[in-house]
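Visitor: Pasting a structure here, questions to come.
The values are calculated or read from the model by the stated rules, or taken from the named source; none is laboratory data. As the structure is a prediction and not an experimental result, all values here were calculated from the model. As a convention, Cβ positions derive from the backbone with ideal geometry for all residues, glycine included, and neighbour counts pool all protein chains shown. When the accessible area is computed, the model is the full protein with side chains, heavy atoms only, and any ligands, DNA or RNA have been set aside. Shrake-Rupley method; radii C 1.70, N 1.55, O 1.52, S 1.80 Å.
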Amino acid sequence: MRTVAIIPARYDSSRLKGKPLADLCGKPMIWWVYTQVCKSEKIDAVYVATDHEAIAQVCAQHKMAYVMTSPDNRTSTERIYEAAQTIPADLYLCINGDEPLIDPLLIEQILPSEIAGFFAANLMTKIHSPVEAVDDSNIKVVTDCDGYALFMSRSPIPHPKSSIHFDFYKHLGVLAYSMEALRFFAETPKGAIEKIEDINELRFIEHGKKLKMIPVEAHMLSVDTPKDLDYVRGIIQQKLEQGEIQL
């Protein structure tokens, strides 16, 4: 099974424009993500999928494989689907481009032993802070007894009416798709709930497609704001000084 990881890198981020090019201790953020993903021995190839020439130039400068995609793509999943048209694989991983210290072993937990036809999966992790539960940038998820997504929301779900003894989970920016799943997403219009919540994965759920949720223990350092950028930069600088990572 050939597995390819694709990192969507859009220039015009609504919260932090040019985010993939943000400097983190002398290297652009997209370089950190790409380098971490490349450490996995179970991923056959890694590409950046971008819509902007400045990001493409940085990829070329740092010898990172990349493909140009349309600026008209409305979601990262659509961008992955377009890139997949020229990159043959059995399984496509979508890795968010704002996780500069993502653990390659964490990514590997989404890999199935085999796939046939439609396959879509997403990592999720337990929420440990009440602040995370009410933060609408964290997408909460509930699953059925077999681990497939029942619903996703930016609101805390389920509502703790009868008991507070429940573990809340949020989805992570690591997803896996077969070509059939990518094609379904690209050719299926947004449902009413996806439009309201603005959550890509609801396209599968609303149309009765199975989305496997895989629980992992993760402490992600994502970058959405200048404040996040400063925090992550400090973490990286500390790791460099301690010799935990190298440029």
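Visitor: Would you pick out the residues in segment 206-227 that are open to solvent by 30 Å² or more (accessible area, probe 1.4 Å) and either touching a residue at least 24 places away in the same chain (Cβ under 8 Å) or touching a strand residue (DSSP E or B) at 6+ places or on another chain (Cβ under 8 Å) (or both)?
Guide: Within segment 206-227, Lys209, Lys210, Lys212, Ile214, Pro215, Glu217, Met220, Leu221, Ser222, Asp224, Thr225, Pro226 qualify.
Visitor: Do we find that Ile199 is touching a strand residue (DSSP E or B) at 6+ places or on another chain (Cβ under 8 Å), part of a loop (DSSP other than H, G, I, E, B) and either small (Gly, Ala, Ser) or more than 23 Å from Met1 (Cβ to Cβ) (or both) in this structure?
Guide: Answer is yes for this residue.
Visitor: Oh, and also: With Arg233, Arg183 as the choices, which residue is closer than 29 Å to Gly117 by Cβ, open to solvent by 60 Å² or more (accessible area, probe 1.4 Å) and among the basic types (Lys, Arg)?
Guide: Among Arg233, Arg183, only Arg183 is closer than 29 Å to Gly117 by Cβ, open to solvent by 60 Å² or more (accessible area, probe 1.4 Å) and among the basic types (Lys, Arg).
Visitor: Where the second residue is part of a helix (DSSP H, G or I) and the first is loosely packed, with under 14 Cβ neighbours inside 10 Å and lies in segment 30-46, which pairs have Cβ atoms under 6 Å and are six or more apart or on separate chains?
Guide: Lys39/Pro104; Lys42/Glu108
Visitor: Quick one: would you say Tyr11 is more than 15 Å from the chain's Cα centre (by Cα) and farther than 17 Å from Val223 by Cα?
Guide: So Tyr11 does not fit the description; no.
Visitor: Next up: Which of the residues that make up segment 153-180 are over 26 Å from Ser40 (Cβ atoms) and hydrophobic (A, V, I, L, M, F, W, C)?
Guide: Ile157, Ile164, Phe166, Phe168
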